[in-house]
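The values are calculated or read from the model by the stated rules, or taken from the named source; none is laboratory data. Here the structure is a predicted model, which is why all the values come from computation and not from measurement. With ideal geometry, Cβ positions are generated from the backbone for all residues, glycine too; neighbour counts draw on all protein chains shown.
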Amino acid sequence: KAGNLMYFNNPMWPGEAHSLKVENILFQGKSEFQEILVFESSAYGKVLVLDGIVQLSEKDECAYQEMIAHLPLCSIESPKRVLVVGGGDGGVLREISRHSSVELIDICEIDKMVIDVCKKYFPQLYVGFEDPRVRLHVGDAVEFLRHVPEGKYDAIIVDSSDPVGPAQELVERPFFETTARALRPGGVLCNMAESMWLHTHLIQDMLSICRETFKGSVHYAWASVPTYPSGVIGFLLCSTEGPPVDFLHPVNPIEKLEGNLKCGRELRFYNSEIHSAAFALPSFVRREVSIL
Ligand code: AAT
């Protein structure tokens with residue numbers, strides 16, 4: 001109800017809840033895959049919720065979308081072919097469109113209803129779909145990746161929901177193996193990788209699978225996103241065997257990109273300093289993910 005706090009509880013963050021004050025419920029529906037809710041919050045603008053989990057808010061989406069797109073794309077020279085997994089809101093596409101070297105942006109989103117709802121309620125994210133380089137594939141990314149020719153992409157960005165429901169397989173070994181296969185030598189993967197405060201085991205599992213699967217480098221980075229549980233989100237960055245990738249020092253700095261403002265807005269969060277800083281890990285995380 002308007003004026004009430006909406007609480008977000010989930011077994012993925014037991015013993016705590018986060019909450020946002022509701023101004024107005026804008027959309028409520030159920031797709032073949034998940035429950036979809038859009039509401040106007042008092043503090044963070046419009047919010048997209050899938051199966052009771054906040055996916056984005058207008059105020060802080062910049063942090064997540066800019067980081068998940070530019071951490072990988074600024075780590076390689078002139079990325080050309082990019083695949084986005086999930087990301088049906090269009091925000092990651094909007095960020096990729098700043099890179100004028102990119103020729104093809106494939107996106108594989110499982111839920112057409114997410115795309116349609118975002119078209120209506122989040123035009124400043126949906127704008128990403130209007131880039132003529134974008135090719136939309138509606139379907140399960142696990143299946144899509146099985147048919148991708150070996151070495152097709154320079155970068156794969158997995159902007160998927162938490163591993164409950166349709167995204168479960170996106171954190172499992174076979175999925176990482178198919179992404180590695182779909183990347184060219186020295187290609188990069190950037191995967192949404194949960195919260196270092198809440199999901200150490202999941203992060204450890206993903207890191208150990210990726211250290212075996214990706215023969216280049218494997219790193220963990222993080223950023224502050226206040227509307228995500230515990231207020232932070234992580235990113236797993238991996239490269240395949242080939243020309244070495246130094247994720248910590250972007251070779252393709254965003255400040256030098258000419259197409260940077262093509263999507264019609266300034267960057268709000270990401271810059272080259274934030275890029276390098278994102279790989280600095282708290283001591284407990286270093287130990288737990290055994291980075292050292
Ligand atoms: N950019 C905003 C945030 C998201 S959206 C995640 C998207 O992944 C959803 O639209 C969902 O439908 C899609 N998805 C889930 N599983 C699959 C799949 N198997 N194949 C293709 N698309 C899929 C993520 C926010 C992260 C929140 C962190 N707590």
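Which ones in the range 250-292 are within 15 Å of SER224 (Cβ to Cβ) and either among the β-branched types (Val, Ile, Thr) or at pLDDT below 95 (or both)? Of everything in the range 250-292, those that are within 15 Å of SER224 (Cβ to Cβ) and either among the β-branched types (Val, Ile, Thr) or at pLDDT below 95 (or both) turn out to be ILE274, VAL285.
Conditions (1) among the aliphatic types (A, V, I, L, M); (2) surrounded by fewer than 17 Cβ atoms within 10 Å (Cβ to Cβ), marked per residue:
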| position | (1), (2) |
| --- | --- |
| SER239 | no, no |
| ASP246 | no, yes |
| PRO250 | no, no |
| ILE254 | yes, no |
| GLY264 | no, yes |
| TYR270 | no, no |
| GLU273 | no, yes |
| ALA277 | yes, yes |
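Between residues in the range 235-262 that are among the polar types (S, T, N, Q) and residues that are not in a loop (DSSP other than H, G, I, E, B), which pairs lie under 6 Å by C-beta distance while being six or more apart or on different chains? Pairs found: SER239/VAL188; THR240/ALA180; THR240/LEU183; THR240/PRO185; THR240/GLY187. Annotation: of all residues in the range 53-75 being more than 11 Å from the ligand (Cβ to nearest atom) and either out of contact with any Phe, Trp or Tyr (no Cβ under 7 Å at 6 or more places or on another chain) or small (Gly, Ala, Ser) (or both), the one that is nearest to LYS120 (Cα to Cα) is ALA63.
Conditions tested, residue by residue: (1) out of contact with any helix residue (DSSP H, G or I) (no Cβ under 8 Å at 6 or more places or on another chain); (2) assigned to a strand (DSSP E or B).
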site: PRO226; (1), (2): yes, no
site: CYS238; (1), (2): no, yes
site: GLY242; (1), (2): yes, no
site: ASP246; (1), (2): yes, no
site: GLU255; (1), (2): no, no
site: GLY259; (1), (2): yes, no
site: CYS263; (1), (2): no, no
site: GLU266; (1), (2): yes, no
site: PHE269; (1), (2): no, no
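Looking across SER160, SER224, one residue alone is hydroxyl-bearing (Ser, Thr, Tyr), modelled with pLDDT under 95, under 25 Å from CYS74 (Cα atoms) and under 16 Å from the mean Cα position of the chain (by Cα). It is SER160. Scanning the range 100-123 for residues that are in contact with a strand residue (DSSP E or B) (Cβ under 8 Å, 6 or more places away or on another chain) and within 30 Å of GLU255 (Cβ to Cβ) yields VAL102, GLU103, LEU104, ILE105, ASP106, ILE107, CYS118, PHE122.
One residue stands out in the range 143-161 among those that are acidic (Asp, Glu) and buried (at least 22 other Cβ atoms within 10 Å of the Cβ): the one that is nearest to GLY87 (Cα to Cα), namely ASP159.
Applying the condition of being near the ligand (Cβ under 9 Å from one of its atoms) and of a type in the set (D, E, K, R) to the range 84-137 and asking which residue is farthest from ILE157 (Cα to Cα) yields ASP111. Within the range 73-96, the set of residues being surrounded by 24 or more Cβ atoms within 10 Å (Cβ to Cβ) and either under 24 Å from VAL47 (Cβ atoms) or under 11 Å from the mean Cα position of the chain (by Cα) (or both) comprises VAL84, VAL85, GLY87, GLY88, ASP89, GLY90, GLY91, VAL92, LEU93, ARG94, GLU95, ILE96.
With respect to the conditions (1) of a type outside the set (A, V, I, L, M, F, W, C); (2) closer than 27 Å to VAL138 by Cβ; (3) under 18 Å from the mean Cα position of the chain (by Cα), GLY231 falls short on a single one, namely (2). Per the listing PHE175, PHE122, the residue uniquely buried (at least 20 other Cβ atoms within 10 Å of the Cβ) and over 30 Å from LEU26 (Cα atoms) is PHE175.
What helices (runs of 4 or more DSSP H) completely inside the range 105-174 contain at least 2 residues that are within 16 Å of GLY91 (Cα to Cα)? Outline the logic, then answer.
Working: elements: 112-121, 123-126, 141-146.
Output list reads 112-121, 123-126.
Yes or no, residue by residue, for (1) within 16 Å of the ligand (Cβ to nearest atom); (2) closer than 25 Å to GLY139 by Cα; (3) charged (D, E, K, R):
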position	(1), (2), (3)
LYS1	no, no, yes
PRO11	yes, no, no
GLY15	no, no, no
LYS21	no, no, yes
LEU26	no, no, no
ILE36	yes, yes, no
ALA43	no, no, no
VAL47	yes, yes, no
ASP51	yes, yes, yes
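Please tell me if GLU177 is more than 14 Å from the ligand (Cβ to nearest atom), assigned to a helix (DSSP H, G or I) and not polar (S, T, N, Q). Taking the combined requirement at face value, the residue satisfies it.
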